[in-house]
Amino acid sequence: RRIVLATHNPHKVEEFRAIVAQTRPDLEVVGYDGPEPVEDGVTFAENALIKARVAAAHTGLPALADDSGICVDVLGGSPGVFSAYWAGHAKDARANLELLLDQLSDVQDPHRTASFVSTIALVIPVDGGPDAATEHTVEGRWPGRLARVASGAGGFGYDPVFVPDDQPAGAERTVGEWSAEEKNAASHRARAFVALVPLLARIP
Ligand code: ITT
């Protein structure tokens, strides 16, 4: 059975394929290259639904979308839904994380806490018209803190500056230094997917 993943971010496609293969190897995750919707929601859930609805309507397939970001406690949850564009309009991952490190330059531990958040929307088209669909959203949160300097070349986005809490005591590795397997077993996206699994059973 095919399910379309409504993202233009190739890293998300790779991570979803690995995560889905662990629990639902029967699902074939297909990419989406249709129109890119305007993400003008103010929450992760709104933006994830905006993306999944467009892909479901465009393909007629059940659609998944992830809207995600990093939420820094001392910044009141920012960058949050603005994570992709934190340093401007160019979706420049390096500029984004450098700006964030600058903004936190005076903040000492233990106040550098942050979480990665992933909200996954599932939109299942149903018989009864092009606009008829059932919709679900789930959230995964991965707590940690911001490193002082970027390190590691793995992953994408803010991975080189995010130090998850769930690692052996004393370990200080950023997600940029984790393997893809380690990240996909622990991440916000993997946690959201755990909550999604029972809902996937509703796909007819
Ligand atoms: P799509 O909307 O096409 O899915 P996108 O990259 O623009 O792709 P978002 O709007 O959800 O996706 O923005 C999420 C941003 O949050 C992303 O660009 C990264 O900067 C950051 N982010 C999300 N998940 C991340 C992760 O696992 N590791 C590092 N940074 C992440």
(request) Give the Rg/Rh ratio for the chain, taking Rg as the radius of gyration of the Cα atoms and Rh as the Kirkwood radius, to two decimals. (result) 0.98
(message) Taking the beta-carbon count within 10 Å as an exposure proxy, list His11, His188 from fewest neighbours to most.
(response) His11, His188
(message) Quick check: net charge around Leu199, other residues with Cβ under 15 Å of its Cβ, Lys/Arg +1 and Asp/Glu -1?
(response) +1
(request) Go ahead and collect, in residue order, the members of segment 67-97 whose backbone nitrogen is under 16 Å from a label point 7 Å along the Cα-Cβ direction of Asp106. (result) 74-76
(request) Taking the chain as the reference, fit the longest principal axis to its C-alpha atoms, fit the long axis of helix 10-23 to the helix C-alpha atoms, and give the angle between the two in degrees, 0 to 90, nearest 10. (result) 70 degrees
(message) Given a Förster distance of 35 Å, report the FRET efficiency between Asp26 and Glu98 from their Cβ-Cβ distance, rounded to the nearest 0.05.
(response) 0.25
(request) Mind checking the full-extension length gain between Val126 and Val74? Use 0.36 nm per residue of separation minus the Cα-Cα distance, one decimal, nm. (result) 14.4 nm
(request) Please give the helix 93-103 orientation as an angle from the longest Cα principal axis of the chain, in degrees from 0 to 90, rounded to the nearest 10. (result) 50 degrees
(request) Set Lys and Arg Cβ to +1 and Asp and Glu Cβ to -1, take the dipole of segment 121-203 about its Cα centre, and tell me which of Pro143, Gly155, His188 lies farthest positive. (result) Pro143
(message) With 10 angstrom as the radius, rank Ser115, Ser179 by how many other C-beta atoms surround their C-beta, starting from the fewest.
(response) Ser179, Ser115
(message) Which one, Leu99, Pro62, Pro110, projects farthest toward the positive side of the charge dipole computed for the chain from Cβ point charges (K/R +1, D/E -1)?
(response) Pro62
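No value in this document is a laboratory result; all are computed from the given coordinates. Quick caveat, the model's predicted, so the values are computed rather than measured. Every residue, glycine as well, gets a Cβ built from its backbone with ideal geometry; the counts of neighbours run over all protein chains shown.
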